[in-house]
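Participant: This is the structure, below, for whatever I ask next.
The values are calculated or read from the model by the stated rules, or taken from the named source; none is laboratory data. The structure presented is a predicted model; accordingly, all values stated were derived computationally and were not measured. Cβ placement follows ideal geometry from the backbone for every residue including glycine, while neighbour counts extend to all protein chains displayed.
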Amino acid sequence: MRTHHLASTHTHDRWNAALPPALEIDSGDILLMDCLDSSGSQMSPSATVADFAAMDRGKIHTITGPVFVRDAKPGTVLQIEIRRVDHQGWGWTSMIAGLGTLPDRFTEPYLFIWQLEREFSRSLPGVTLPLAPFLGITGVCPPTPGEHRTRPPGAFGGNLDVRDLVPGSTLYLPVFQPGALFSAGDGHAAQGNGEVCINGIEGPMRAEFRISVRKDMVLNEPFAELPPARPPILPDLGAWAFIASAPVTLEAVRTVVNDAIDFIVHRFGLTPELAYILCSVALDLRLSQVVNQPQVTVTGTLAKNLFNP
């Protein structure tokens, strides 16, 4: 077992089996990866909304890699043990006109820069936000030839944005190309389940993995083992729950997010933009029922301990 380091100078923003590997490793090796923020380092701690508006969108979801894993062949499975994900002290969250869960309510571009302590951010007034860094993109090269944008996820993994894939997790991905061609990036220091305004706290990360080839497994889609829930960083004070039902899931989601934003604005005095950003990094959406057709019920929970007494 050897340890390898891949710097963030080895990046790409398209999946493509024709890309030359940046590194070759053996099954069982340790891989340290430096990952840029999802903008491909176009954002910085001093970035403004004008910088954000001028950003080259073609570089969004720049990821580090690809890494060729010897012995990984189509039909095998890549086992990715996530050992560490460390933020670099800052991050950003944005709104883009026409995107996100509420494009009709938020029509102007917006950018918020976060300052990150080791386990918290206190960048929003009156809010102490626990951090739980993870990588939004962890994947192998898709099966089809040619270039593919890194935004859509698939059976190969990619832009899954599963916030549960924190250190201690193990992700398993089916291999479609010789060597698997593993890449990762799109680090988030915190994210709510839903990522409703379009971003979590985006930022550069350093990640550590142990990569192994499994020939005794058969997978068609990503599969993961998650660690036990870590003890809460803040005292558990319960949560507020926003509940809505509708025949279309996205309609119920929008009602829940609008209700949560209005609650935060009226109770804690944040602007609607900051409340929307807080929902993107801290509101947890889930399906509560899908059996009472045609209605689907969505619940969004917001921890009470986010708000300072």
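Participant: Residue pairs, Cβ under 7 Å, 6 or more apart or interchain, first in the stretch 189-214 and assigned by TED's automatic domain parsing to the domain that holds S8 and closer than 21 Å to A275 by Cβ, second of a type in the set (V, I, T) and at pLDDT below 95. List them.
Facilitator: Between residues of the stretch 189-214 that are assigned by TED's automatic domain parsing to the domain that holds S8 and closer than 21 Å to A275 by Cβ and residues that are of a type in the set (V, I, T) and at pLDDT below 95, the close pairs are I198/I96.
Participant: Consider R151 carefully, then state whether it is touching a strand residue (DSSP E or B) at 6+ places or on another chain (Cβ under 8 Å), modelled with pLDDT of 95 or more and within 25 Å of P45 (Cα to Cα).
Facilitator: The answer is no for R151.
Participant: Specify which of the listed residues (G75, G58) is of a type in the set (G, A, S), modelled with pLDDT of 95 or more and assigned by TED's automatic domain parsing to the domain that holds Q191.
Facilitator: G75
Participant: Residues of the stretch 85-98 being closer than 23 Å to A7 by Cα and either assigned to a strand (DSSP E or B) or of a type in the set (F, W, Y) (or both), which ones?
Facilitator: Matches in the stretch 85-98: V85, D86, H87, W90, G91, W92.
Participant: Has the stretch 184-201 got any residue that is outside any loop (DSSP other than H, G, I, E, B) and surrounded by fewer than 19 Cβ atoms within 10 Å (Cβ to Cβ)?
Facilitator: No.
Participant: Now a separate question. Please state which of the following conditions G58 fails to meet, knowing it meets all the rest: (1) more than 21 Å from T138 (Cβ to Cβ); (2) in a loop (DSSP other than H, G, I, E, B).
Facilitator: For G58, the exception is condition (2).
Participant: For a quick check of your reading of the model, give me the residue pairs whose first member lies in the stretch 136-152 and is assigned by TED's automatic domain parsing to the domain that holds C35, whose second is surrounded by fewer than 17 Cβ atoms within 10 Å (Cβ to Cβ) and among the basic types (K, R), with beta-carbon atoms closer than 7 Å and at least 6 apart or on different chains.
Facilitator: Sorted first by the residue in the stretch 136-152, then by its partner, the pairs are E147/R14; H148/R14; R149/R14; T150/R14.
Participant: Looking at the stretch 235-248, I want the residues that are touching a residue at least 40 places away in the same chain (Cβ under 8 Å) and over 14 Å from S288 (Cα atoms) and have a partner that is aliphatic (A, V, I, L, M) and surrounded by 15 or more Cβ atoms within 10 Å (Cβ to Cβ) with Cβ atoms under 7 Å, at least 6 apart or on another chain. Which pairs are those?
Facilitator: Hits for this filter: A239/L302; A239/A303; W240/L302.
Participant: With the checklist (1) over 30 Å from K73 (Cα atoms); (2) touching a residue at least 24 places away in the same chain (Cβ under 8 Å); (3) not in a helix (DSSP H, G or I) in hand, flag the one item M217 doesn't pass.
Facilitator: The number of the failed condition is (1).
Here is a yes/no grid of residues against (1) in the same structural domain as C197 (by TED's automatic domain parsing); (2) farther than 16 Å from G100 by Cβ; (3) in a helix (DSSP H, G or I):
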| position | (1), (2), (3) |
| --- | --- |
| I261 | no, no, yes |
| H266 | no, yes, yes |
| L270 | no, yes, no |
| E273 | no, no, yes |
| L278 | no, no, yes |
| L285 | no, no, no |
| S288 | no, yes, no |
| T301 | no, yes, no |
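Residue-by-condition table, conditions (1) of a type in the set (V, I, T); (2) out of contact with any Ser or Thr (no Cβ under 6 Å at 6 or more places or on another chain); (3) at negative phi; (4) not in a strand (DSSP E or B):
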| residue | (1), (2), (3), (4) |
| --- | --- |
| G100 | no, yes, no, yes |
| F106 | no, yes, yes, yes |
| E117 | no, yes, yes, yes |
| L124 | no, yes, yes, yes |
| G146 | no, yes, no, yes |
| G158 | no, yes, no, no |
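Participant: So D259 ticks every box in (1) touching a residue at least 12 places away in the same chain (Cβ under 8 Å); (2) at negative phi; (3) in contact with a Ser or Thr (Cβ under 9 Å, 6 or more places away or on another chain) but one. Which box is left unticked?
Facilitator: Single failed check for D259: (3).
Participant: What residue, of L237, L219, L226, is over 20 Å from the mean Cα position of the chain (by Cα), under 29 Å from G157 (Cβ atoms), surrounded by fewer than 17 Cβ atoms within 10 Å (Cβ to Cβ) and of a type in the set (A, V, I, L, M, F, W, C)?
Facilitator: L219
Participant: Could I ask something else about it? For the subset of the stretch 61-84 comprising residues that are touching a strand residue (DSSP E or B) at 6+ places or on another chain (Cβ under 7 Å) and assigned to a loop (DSSP other than H, G, I, E, B), which member is nearest to P152 (Cα to Cα)?
Facilitator: H61
Participant: Next question. Based on this model, can you work out whether S41 counts as under 28 Å from R118 (Cα atoms), exposed (fewer than 14 other Cβ atoms within 10 Å of the Cβ) and under 17 Å from the mean Cα position of the chain (by Cα)?
Facilitator: Yes; evaluated as a whole, the condition is true for this residue.
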